[in-house]
Amino acid sequence: MSNFLPDPSQGPSNTPATLLPSVGEIVDDATDLLRADGELKPGQGTITTAIALSLGVMSFLGVLAFLFPQYLTTPELRKAYNVDWCRALLFSGLLVSGTLSLFNIVFNRRRTVNIVAFAFVLVTILLGGSTVPVGDFPDHTPYLGMDWLVLDLLGSTTVFVILEKMFPLYKNQPIFRKEWQTDLIHFGVNHLLVGLMLLIVNFVIHRAQVIVVGEEGVQQFISTIPFLPQLLLCLLVADLAEYAVHRAYHEVPWLWRIHSVHHSVETLDWLAGSRLHMAEILVTRIAVLTPLFLLGFDKSVVDMYIVIVGFQAVFNHANVHLPWGPLKYLIVTPDFHHWHHSSEKVAIDKNYAAHFSFIDYVFGTAVKTDRQFPEKYGVVGSRIPGGYLQQQAYPFKKSQG
Ligand SMILES: [Zn+2]
Ligand SMILES: [Zn+2]
């Protein structure tokens, strides 16, 4: 991996830039930029180029979702969309990406990559842009969650990059830290396969419900609890299940192989939480959601739980430090979960909880230290590979470290 180098197309000041770069040059420059990590230095056009390229690609994926909604949008989300609002978002993406990339092309800043960004804008407009018509389409088709990927990537990047810049735990940590590419792929695949995951999870939970008929007395009792206390109870039950599964991942050797992929990241930020082995996502979801359904929590409560778990799973990894005070003994904060990812002796197999930190204090697995933050992260003597596919294959390889 290389650092973000100065623009290769900008030679010495008296060398005129070529009018049109070759396809080879464009591909090389774009690949170099995507492979780079480190700090983005202002004034070299790299920041605007990164924005132009990401918005260009996301606009293109967005218009594809408009064109093929039956295959590229999530049925649960479709119902909630305001189509005008989605069109306005797509229009803004095209406008910002188009303006920035055109500006950079004209002023010869990272020209080659901006040509790629502008090409995405042009193709998106040719495909219909923000006024692309949407016809009727059938339900119940297998789908990829392209809409979920684009919207969550846009929303999470905005919210968490701002939070991480305003309240950083490690001030000098760059947005594009080491191995951001691998975690972006994890983020992408996890979002695209949301439909397949839901299908498997629902199938298993349905089976579990048929086999173990829920205790009706308990279900009736839970349905009489008002929303807020019921939500707190739901979070507690979910976190106890999560605690048990998470502890098993650490203490059972073959499960640790799967979970160690999550621990292999050595620089934590909001995106790092996405690094999860596929099997772990499935097993954890099934183990946590099954008791919630068996106990008969209201749908509105479970929906709210899913929103909270989605937020905390990202937030707990963020490079953020806030003055939590005594709240740190009650809820899981980024400080608490950062210790879980530390490779220091004091932190090994500690701080398992996902919502309520008091669970670890009760079970005696909370990290005991006066220091506020760990110095080292990752897996002790790690041999876990860096690439996405290699990480998915890692637990099943014979020669384990
Ligand atoms: Zn863990
Ligand atoms: Zn984690």
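The values are calculated or read from the model by the stated rules, or taken from the named source; none is laboratory data. Remember, it's a predicted structure, so these values are computed and weren't measured experimentally. In this analysis, Cβ positions are derived from the backbone assuming ideal geometry, glycine residues included, and neighbour counts consider all displayed protein chains. Surface accessibility is based on the protein's heavy atoms, side chains included, excluding ligands, DNA and RNA. Shrake-Rupley method; radii C 1.70, N 1.55, O 1.52, S 1.80 Å.
Structure values in brief
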{"quantity": "Size descriptor, Kirkwood hydrodynamic radius, that averages inverse alpha-carbon separations across region 194-396, Å", "calculated": "18.0 Å"}
{"quantity": "Cα-projected label distance for Tyr329 with Ala244, points at 7 Å along beta-carbon direction, nm", "calculated": "2.7 nm"}
{"quantity": "Label zone at Ile306 (point 7 Å along Cα-to-Cβ), backbone N below 20 Å, region 135-167", "calculated": "139-156"}
{"quantity": "With Cα atoms, 0 to 90° folded angle of helix 253-263 axis to the chain main axis", "calculated": "40 degrees"}
{"quantity": "Residue-averaged [θ]222 nm for the chain, counting only DSSP H segments that reach four residues, each worth -39500 (n - 2.57)", "calculated": "-18500 deg cm²/dmol"}
{"quantity": "Alpha-carbon gyration tensor eigenvalues x 5, square-rooted, for region 1-143, Å", "calculated": "34, 15, 13"}
{"quantity": "Å³ per residue enclosed by the Cα convex hull of region 302-401", "calculated": "150 Å³"}
{"quantity": "Extension gain from Ile185 to Glu251, taking 0.36 nm per residue of separation minus the Cα-Cα distance", "calculated": "21.0 nm"}
{"quantity": "Cα gyration tensor category, rounded, prolate or oblate, for region 91-207 with a/c compared to 1.5", "calculated": "oblate"}
{"quantity": "Calculated FRET value between Tyr170 and Gln70, using beta carbons and R₀ = 25 Å, to 0.05", "calculated": "0.05"}
{"quantity": "Lysines with Cα under 21 Å of Lys345, excluding same-chain neighbours fewer than 8 positions away", "calculated": "Lys368, Lys376"}
{"quantity": "The chain - percent relative contact order, Cα under 8 Å, separation 6 or more", "calculated": "15 percent"}
{"quantity": "Fraction of accessible area attributable to carbon and sulfur, region 1-143 (%, probe 1.4 Å)", "calculated": "68 percent"}
{"quantity": "Peptides ranked, highest mean first, by Cβ atoms within 10 Å: ranges 94-106, 241-253, 221-233", "calculated": "94-106, 241-253, 221-233"}
{"quantity": "Inter-site label distance for Ser92 and Arg207 at 7 Å from Cα along Cβ, in nm", "calculated": "4.4 nm"}
{"quantity": "Nearby aspartates and glutamates by direct alpha-carbon distance to Lys178 (threshold 15 angstrom, same-chain neighbours under 8 apart not counted)", "calculated": "Asp32, Asp37, Glu39, Glu266, Asp269"}
{"quantity": "Per residue accessible area of the chain, 1.4 Å probe, in Å²", "calculated": "53 Å²"}
{"quantity": "Residues with amide H under 5 Å from that of Asp37, placed H, sequence gap 5 or more", "calculated": "Ser2, Asn3, Phe4"}
{"quantity": "Vicinal HN-Hα couplings computed from phi for region 351-356 (Karplus, 6.51 cos²θ - 1.76 cosθ + 1.60; Hz; Gly/Pro x)", "calculated": "6, 7, 4, 10, 10, 10"}
{"quantity": "Relative contact order for region 1-143, counting Cα pairs under 8 Å that sit 6 or more residues apart, in percent", "calculated": "35 percent"}
{"quantity": "Label-point gap, in nm, between Leu122 and Arg383 - each point 7 angstrom along Cα→Cβ", "calculated": "5.0 nm"}
{"quantity": "Förster-model FRET efficiency, 41 Å R0, Ala393 and Thr99, C-beta, rounded to 0.05", "calculated": "0.45"}
{"quantity": "Percentage, to the nearest whole number, of Cα pairs in region 57-136 over 17 Å apart", "calculated": "47 percent"}
{"quantity": "Normalised convex hull volume, the chain, alpha-carbon set, Å³ per residue", "calculated": "174 Å³"}
{"quantity": "Separation between Cα centres of region 364-401 and region 264-338, rounded to whole Å", "calculated": "18 Å"}
{"quantity": "Cβ-derived FRET efficiency at R0 60 Å, Asp136 paired with Lys376, nearest 0.05", "calculated": "0.60"}
{"quantity": "Tilt relative to the chain, helix 46-67 - C-alpha long axis, 0 to 90 degrees, to 10", "calculated": "70 degrees"}
{"quantity": "Value of relative contact order over region 180-325, rounded to a whole percent, pairs C-alpha under 8 Å and six or more apart", "calculated": "39 percent"}
{"quantity": "Amide H contacts of Tyr377 (H built 1.01 Å from N, under 5 Å, at least 5 apart or other chain)", "calculated": "Ser343"}
{"quantity": "Amide H contacts of Val320 (H built 1.01 Å from N, under 5 Å, at least 5 apart or other chain)", "calculated": "Leu169"}
